[in-house]
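Asks: This structure is in structure tokens; I'll ask about it shortly.
The values are calculated or read from the model by the stated rules, or taken from the named source; none is laboratory data. Please read all numbers here as calculations on a predicted model, not as lab measurements. Every residue, glycine as well, gets a Cβ built from its backbone with ideal geometry; the counts of neighbours run over all protein chains shown.
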Amino acid sequence: MKRFGRTLLTLSLLGAMAGGAQADDKVLRVYNWSDYIAPDTLKKFEAETGIHVTYDVFDSNETLEARLLAGKSGYDIVVPSNSFLAKQIKAGVYQPLDKSKLPNWKNLNPVLLKNASASDPDNAHAFPYMWGSIGIGYNPEKVRQTLGTDAPLNSWELLFKPENAEKLKACGISFLDSPTEMLPAALHYLGFPVNSQDKQQIAQAQDVFMKIRPSVAYFHSSKYISDLANGNICVAVGYSGDVLQARARAEEANNGVKIDYSIPKEGAGSFYDMVAIPRDASNVDNAYAFMNFLMRPDIIAEVTNSVGYSNANAAATPLVDEAIRNDPASYPPQEVLATLYAIPDQPITVQRLMTRGWTKVKLGK
Amino acid sequence: MKRFSFSTLMLVLGLLFIYLPMLILVIYSFNASKLVTVWGGWSLKWYLGLLDNTQLMGSVARSLEIACYTAVAAVALGTLAAFVLTRVTRFKGRTLFGGLVTAPLVMPEVITGLSLLLLFVAMAQMIGWPQERGLMTIWIAHTTFCAAYVAVVVSARLRELDLSIEEAAMDLGARPFKVFFLITIPMIAPSLAAGGMMSFALSLDDLVLASFVSGPGSTTLPMEVFSAVRLGVKPEINAVASLILLAVSLVTFLVWYFSRKAEANRKRAIQEAMEQTASETWQAQPKQPQRTPATA
């Protein structure tokens, strides 16, 4: 029995090793968000290059980060959000890009590249795949009923002015539950730099929220999607993609709720899902081929048409479905793009300060 | 006559509590609407859509594969551990060994997962294996905690066994191996099956361990479902879940059916044997007291 067990173990180990050693040159391992690619993108890539793609999906930046920081993740292409990318670059997770291998780089939107470079100086490690903004999703009918027809729908004043917030309280206000995304909005509204590390300024930003706290229904980062769609709340600060999803749900449910999205004219936060190559990737050339493939206008436009998020590829815009391309929520005009800022990556001490302040805001004292 | 006694009411409520969610899940898998919570009429399109969704179906196949491997490995290892713990009553470090075997039962999965991940990374650096994490590492991880469950189930059964039967076999000249395979194994077979099925189920629904130790190309079904939830659950997932429910109920039913049949056969065989022995002894030596045949 002992010998039998040992033989079995040896055999299975050998089998596993043979399986592991089988890696040939024509493979690529991609780790992306779930539902974040067009159905035939990978097939096209495989047909054109003969590279076989192993495609896995993750549900949160934390999942991805755990894999990357543990080392030897095995992936050649990963897609973190920009705020996480910044931390991971500092941890030395990624290799710098050789842009001479990426001739399609010229297609990328320079304004968005500049915004994204807040997390990755000179865009040295990654390029933006899809992006979105953090603006105001609202129910125009209800808001106009409460605040009158001249409600400042395209300004942070809609929420940050206590008298407006007080009136909107009855129909429901929600904010994202994230100090690093919400406090910069208030900083920006007050005219301070969004990456301010000044205690005083952060305290003032916190005060903005403190004053309207009694009027806020809740702080939550995803609940507002269904609540907006069902008409339970009328104003939500949220991610553009989520608000558009709420709009689509409301349309599909046919419950008479209409939802709009606006990027406040003072400027708003934006986030970028960035494509990068881990330092220990084993198929670097194939990874470059895939990156370059994703920068092709026809390919990335198809992804946008299928997932609904805006891409950061200027050359692809004419190929995007008209309904998406002409929607200012997804494709804001160039001058609005320039008012956007990337969510800054703050040192841990400032983050702690913000988190503590945010907890006070949520508790309301 | 009381129509609805308290216990009937509790029974109904309990059953509803357990099975109503599953029923709703199955009903909504036939939903024509894309939104899980909005009813849009009957449709089979999500089941048809499954045929095209290679990613989801791939993860189902992968999960089933891992669950099968895990069940086999966990039963083998768990039985050995249980055997040692119940039969070898005195050896150095027995208490420690017993504790170690059952520790994974109470260990939070996150800790097991993290430690296994660190182990695999360190091993890859030191001995070059596992080169990359994948099915193999998930299998190992699942086996570590499933073996503990099997050990508990099997050792309970082993403790109840009548040692004299094994001793009788050895008296008649069987070597320990032969005794183990011909006598012990058949007697503990039900608990082996139970342990195996439990391991299968535990492995099939494990999310935490798998997400720690999986690698490229080894996304299991729970991981797939969990990451899809970010954009709202799609009825396709309901469809997969319904199919799994169907498969599980079918297997359970078949197991029950065949075991009932086997039990009936066994009873009949015993009955026949008893009658036969009785008539034989009566014919041969009517004076001798009747031997009662051993009941298994």
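Asks: What residue, of A:ILE225, A:ILE202, is under 22 Å from A:LEU340 (Cβ atoms), within 14 Å of chain B (Cβ to nearest Cβ) and out of contact with any Cys (no Cβ under 6 Å at 6 or more places or on another chain)?
Replies: Residue meeting the stated conditions: A:ILE225.
Asks: Can you name the residue in region B:108-145 that is β-branched (Val, Ile, Thr) and more than 24 Å from B:LEU221 (Cβ to Cβ) and is also surrounded by the most Cβ atoms within 10 Å (Cβ to Cβ) among such residues?
Replies: The qualifying residue surrounded by the most Cβ atoms within 10 Å (Cβ to Cβ) is B:VAL121.
Asks: Moving on. So which of B:PHE91, B:PHE83, B:PHE120 ends up being more than 22 Å from the chain's Cα centre (by Cα) and assigned to a helix (DSSP H, G or I)?
Replies: Of B:PHE91, B:PHE83, B:PHE120, the one residue that is more than 22 Å from the chain's Cα centre (by Cα) and assigned to a helix (DSSP H, G or I) is B:PHE120.
Asks: Here are A:ILE343, A:ILE348: which of them is without any contact (Cβ under 8 Å) to a residue 24 or more places away in the chain, within 20 Å of A:LEU187 (Cα to Cα) and of a type outside the set (D, E, K, R)?
Replies: A:ILE348
Asks: Hey, A:PHE84 hits all of (1) more than 14 Å from every other protein chain (Cβ to nearest Cβ); (2) in a loop (DSSP other than H, G, I, E, B); (3) closer than 23 Å to B:ALA210 by Cβ but one; which does it fall short on?
Replies: So A:PHE84 meets the others, but not (2).
Asks: Could we say that B:ALA81 is of a type in the set (Gly, Ala, Ser), at pLDDT 90 or above and either over 25 Å from B:THR220 (Cβ atoms) or surrounded by fewer than 12 Cβ atoms within 10 Å (Cβ to Cβ) (or both) here?
Replies: yes
Asks: Within region A:123-179, which residues are at negative phi, over 26 Å from the mean Cα position of the chain (by Cα) and among the small types (Gly, Ala, Ser)?
Replies: A:ALA151, A:ALA165, A:ALA170
Asks: If you go through region A:260-299 one residue at a time, how many are part of a loop (DSSP other than H, G, I, E, B) and either of a type in the set (Phe, Trp, Tyr) or closer than 24 Å to A:PRO152 by Cα (or both)?
Replies: Residues meeting the conditions: 6.
Asks: Now for a different question. Yes or no: region B:145-159 includes at least one residue that is of a type in the set (D, E, K, R) and not in a helix (DSSP H, G or I).
Replies: no
Asks: So is A:ALA66 modelled with pLDDT under 90, outside the structural domain of A:SER282 (by TED's automatic domain parsing) and among the aliphatic types (A, V, I, L, M) or not?
Replies: In short, no.
Asks: Residue check, B:VAL75 against (1) within 14 Å of another protein chain (Cβ to nearest Cβ); (2) within 24 Å of B:SER199 (Cα to Cα); (3) exposed (fewer than 14 other Cβ atoms within 10 Å of the Cβ), all met but one. Which one?
Replies: (3)
Asks: Is it the case that A:ASP122 is more than 26 Å from A:ALA248 (Cβ to Cβ), of a type in the set (Asp, Glu) and assigned to a loop (DSSP other than H, G, I, E, B)?
Replies: When the stated conditions are applied, A:ASP122 does not pass them.
Asks: Let me ask you something else. So is B:SER191 away from chain A (no Cβ under 14 Å) and surrounded by fewer than 19 Cβ atoms within 10 Å (Cβ to Cβ) or not?
Replies: Taking the combined requirement at face value, the residue does not satisfy it.
Asks: Here is a list: B:ASP162, B:ASP205. Which entry is surrounded by fewer than 17 Cβ atoms within 10 Å (Cβ to Cβ) and under 21 Å from A:ASP56 (Cα atoms)?
Replies: Answer to the check: B:ASP205.
Asks: Here's something else I'd like to know. Return yes or no: is A:ALA151 surrounded by 15 or more Cβ atoms within 10 Å (Cβ to Cβ) and not assigned by TED's automatic domain parsing to the domain that holds A:ASN313?
Replies: Criteria met by A:ALA151.
Asks: From the list B:LEU105, B:LEU23, B:LEU16, which one is in contact (Cβ under 8 Å) with a residue 12 or more places away in the chain and either within 14 Å of another protein chain (Cβ to nearest Cβ) or loosely packed, with under 13 Cβ neighbours inside 10 Å (or both)?
Replies: Matching residue, one of B:LEU105, B:LEU23, B:LEU16: B:LEU105.
Asks: Oh, and also: Being of a type in the set (A, V, I, L, M, F, W, C), under 18 Å from A:PHE271 (Cα atoms) and either not in a helix (DSSP H, G or I) or not assigned by TED's automatic domain parsing to the domain that holds A:GLN88 (or both) is the filter here; which residues of region A:314-365 pass it?
Replies: Passing the criteria: A:ALA329, A:VAL336, A:LEU337, A:ALA338, A:LEU340, A:ALA342, A:ILE343.
Asks: Tell me, which residue of region A:83-98 that is of a type outside the set (A, V, I, L, M, F, W, C) and over 24 Å from A:LEU42 (Cβ atoms) is surrounded by the most Cβ atoms within 10 Å (Cβ to Cβ)?
Replies: Only one residue fits best here, namely A:GLN88.
Asks: Looking at region A:106-135, I want the residues that are in contact (Cβ under 8 Å) with a residue 24 or more places away in the chain and more than 13 Å from A:SER310 (Cβ to Cβ) and have a partner that is of a type in the set (Asp, Glu) and not in a strand (DSSP E or B) with Cβ atoms under 8 Å, at least 6 apart or on another chain. Which pairs are those?
Replies: A:ALA118/A:ASP345; A:SER119/A:ASP345; A:ALA126/A:ASP120; A:ILE134/A:GLU181
Asks: Continuing with this model, one more query. With respect to B:GLY49, is the statement that it is of a type in the set (Gly, Ala, Ser), in a helix (DSSP H, G or I) and away from every other protein chain (no Cβ under 14 Å) true?
Replies: When the stated conditions are applied, B:GLY49 does not pass them.
Asks: Step by step: first the residues of region A:68-81, then only those that are within 11 Å of chain B (Cβ to nearest Cβ) and assigned to a helix (DSSP H, G or I), then the one that is surrounded by the fewest Cβ atoms within 10 Å (Cβ to Cβ). Which residue is that?
Replies: A:LEU69
Asks: Also, I was wondering about something else. Of all residues being surrounded by 14 or more Cβ atoms within 10 Å (Cβ to Cβ), in contact (Cβ under 8 Å) with a residue 60 or more places away in the chain and not polar (S, T, N, Q) in region A:44-67, which is nearest to the other protein chains (Cβ to nearest Cβ)? Just the residue, please.
Replies: Top of the filtered list is A:VAL53.
Residue by residue, here is whether (1) of a type in the set (S, T, N, Q); (2) within 26 Å of A:VAL57 (Cα to Cα) holds:
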| position | (1), (2) |
| --- | --- |
| B:ILE18 | no, no |
| B:VAL26 | no, yes |
| B:GLY41 | no, no |
| B:LYS45 | no, yes |
| B:VAL60 | no, yes |
| B:LEU64 | no, yes |
| B:THR70 | yes, yes |
| B:VAL75 | no, no |
| B:THR79 | yes, no |
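Asks: Additional query: Within region A:214-231, can one find any residue that is part of a helix (DSSP H, G or I), at pLDDT 90 or above, buried (at least 17 other Cβ atoms within 10 Å of the Cβ) and more than 22 Å from the chain's Cα centre (by Cα)?
Replies: yes
Asks: Residues that are in contact with an Asp or Glu (Cβ under 7 Å, 6 or more places away or on another chain): find the helices (runs of 4 or more DSSP H) completely inside region A:125-203 holding 1 or more of those.
Replies: Answer list for region A:125-203: A:140-147, A:162-168, A:179-189.
Asks: If you go through region B:108-144 one residue at a time, how many are more than 8 Å from chain A (Cβ to nearest Cβ), among the hydrophobic types (A, V, I, L, M, F, W, C) and over 21 Å from B:GLU65 (Cβ atoms)?
Replies: Counting residues in region B:108-144 that are more than 8 Å from chain A (Cβ to nearest Cβ), among the hydrophobic types (A, V, I, L, M, F, W, C) and over 21 Å from B:GLU65 (Cβ atoms) gives 8.
Asks: Ok, one more. Taking the options A:ASP40, A:ASP56, A:ASP35, name whichever one is among the acidic types (Asp, Glu) and out of contact with any helix residue (DSSP H, G or I) (no Cβ under 8 Å at 6 or more places or on another chain).
Replies: None of the other options fit; the residue is A:ASP56.
Asks: Can you name every one of the helices (runs of 4 or more DSSP H) wholly within region B:160-235 that holds 2 or more residues which are under 17 Å from the mean Cα position of the chain (by Cα)?
Replies: B:185-204
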